[in-house]
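The structure appears below as structure tokens.
The values are calculated or read from the model by the stated rules, or taken from the named source; none is laboratory data. In this text, all values refer to a predicted model and were calculated from it rather than measured experimentally. Cβ placement follows ideal geometry from the backbone for every residue including glycine, while neighbour counts extend to all protein chains displayed. These accessible areas exclude ligands, DNA and RNA; they are computed on the full protein's heavy atoms, side chains included. Shrake-Rupley method; radii C 1.70, N 1.55, O 1.52, S 1.80 Å.
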Amino acid sequence: MAKEGTEIAEETEQMMEPDNPVCAVVDSKEMRAVVLTGFGGINKLKVTKKPMPEPQGGEVKIRVKACGLNFLDLMVRQGNIDNPPKTPLVPGFECSGIVESVGENTKGFEIGDRVMAFVNYSAWAEVVCTPLDFVHKIPDDMTFPEAAAFSMNFVAAYMMLFEVANLREGMSVLVHSAGGAVGQAVAQLCSTVPNVTVFGTASPFKHEAIKHSVTHLFDRNIDYVPEVKKISPDGVDIVLDCLCGENTGKGLTLLKPMGTYILYGSSNMVTGETKSFFSFAKSWWQVEKVNPIKLYEENKVIAGFSLLNLLFKQGGCNQVKTAVQKLLSLYDQKKIKPVVDSLWALEEVKEAMQRIHDRGNIGKLILDVEKSPTPLVSESS
């Protein structure tokens, strides 16, 4: 079962290698892009000029306005994922912008459309091309930073809560990293269902800012299991775990009968700036080895969720489209709204990535393609 524990953690982070780029370069024009030159620390990232891509049949070319930065991007930078792609590469999996052109046989989009898109790498650039199935129009009142903060996090949160765990009235949810972009999306979506109790863990300095969105908030550094059970002796109905390691066993312990534990990340494997075999081994060792017979006896469900795998490897575009439509309806009804932590220029990607590494963000970090770097101010001035 030790191998099984490792595979669960790895599968939540793996994705397609960009062996077959979605755009062919047929134009001599250049664009700015963030390039990962090799796996390791933040010094492996640089902004450089690259040839601008043009759309192939069935693809949409997007003039990018904003890109989302996720913890997974940090793990990609470290090479801390299963079957990492070859470097150099342009990182990033989501962006928003304006349709600049479309390839042959590409219907449903016109030049000038405001869109958000999923991209199989290459999102952190001034221009991207991606298949039309991964592109979604956005409301007129949704800003580009909001759109870049919307796609991955809200879709993942929605599908885990409603498609996998079947969230219903009166249920309870435990979510880790409640102050992050997914955590805040989970909290907002839970508020759309009557009488849902949300338990959250987060760094203490975030508590004041997010206390309104979570019913019960705990310090991420304490043992939250007895604290949850003081409030809900029977446990919770849903556990959403992006940490892995020892939290897997704790989450299963807290599940009520008929409850669902979902692993969707393994951020506990990230400790230092570069990949750490010790952190990986420790996290793997701490994962409770799941006994199917015990799950059967206790009426508990354990699941994994990787939105990128669903999109790029498992043909889940239609499922994602349905989720996006439902989410945009909730946005139009003013029931949900992406939380943007901060905007960063492409040239500030190192500082942005350090902020997410330090777990300093509340909501989503956004790379604003049109933003100029913030000048450094000396202490003497």
Exercise for review: Please work out how much accessible surface Arg220 shows to a 1.4 Å probe, ignoring ligands, DNA and RNA, in Å² rounded to 10.
Suggested key: 90
**Study point:** Unsatisfied cross-links (Cα-Cα over 25 Å) in the set Lys44/Lys371; Lys46/Lys337; Lys229/Lys289; Lys44/Lys364; Lys326/Lys350; Lys250/Lys335
**Key:** Lys46/Lys337; Lys326/Lys350; Lys250/Lys335
Point to revise | Selection from Gly251, His176, Ile302, by position along the positive dipole direction of the stretch 153-333 (Cβ) | key: Ile302
Check your understanding: For the stretch 153-333, what is the accessible area per residue in Å² when the probe is 1.4 Å?
Key -> 43
Practice item. Report Ile222's accessible area, 1.4 Å probe, all protein chains in place, as a number in Å² to the nearest 10. Key: 70
Exercise for review: Take Lys50, Lys86 and sort them by solvent-accessible surface of the protein heavy atoms, 1.4 Å probe, largest at the top.
Suggested key: Lys86, Lys50
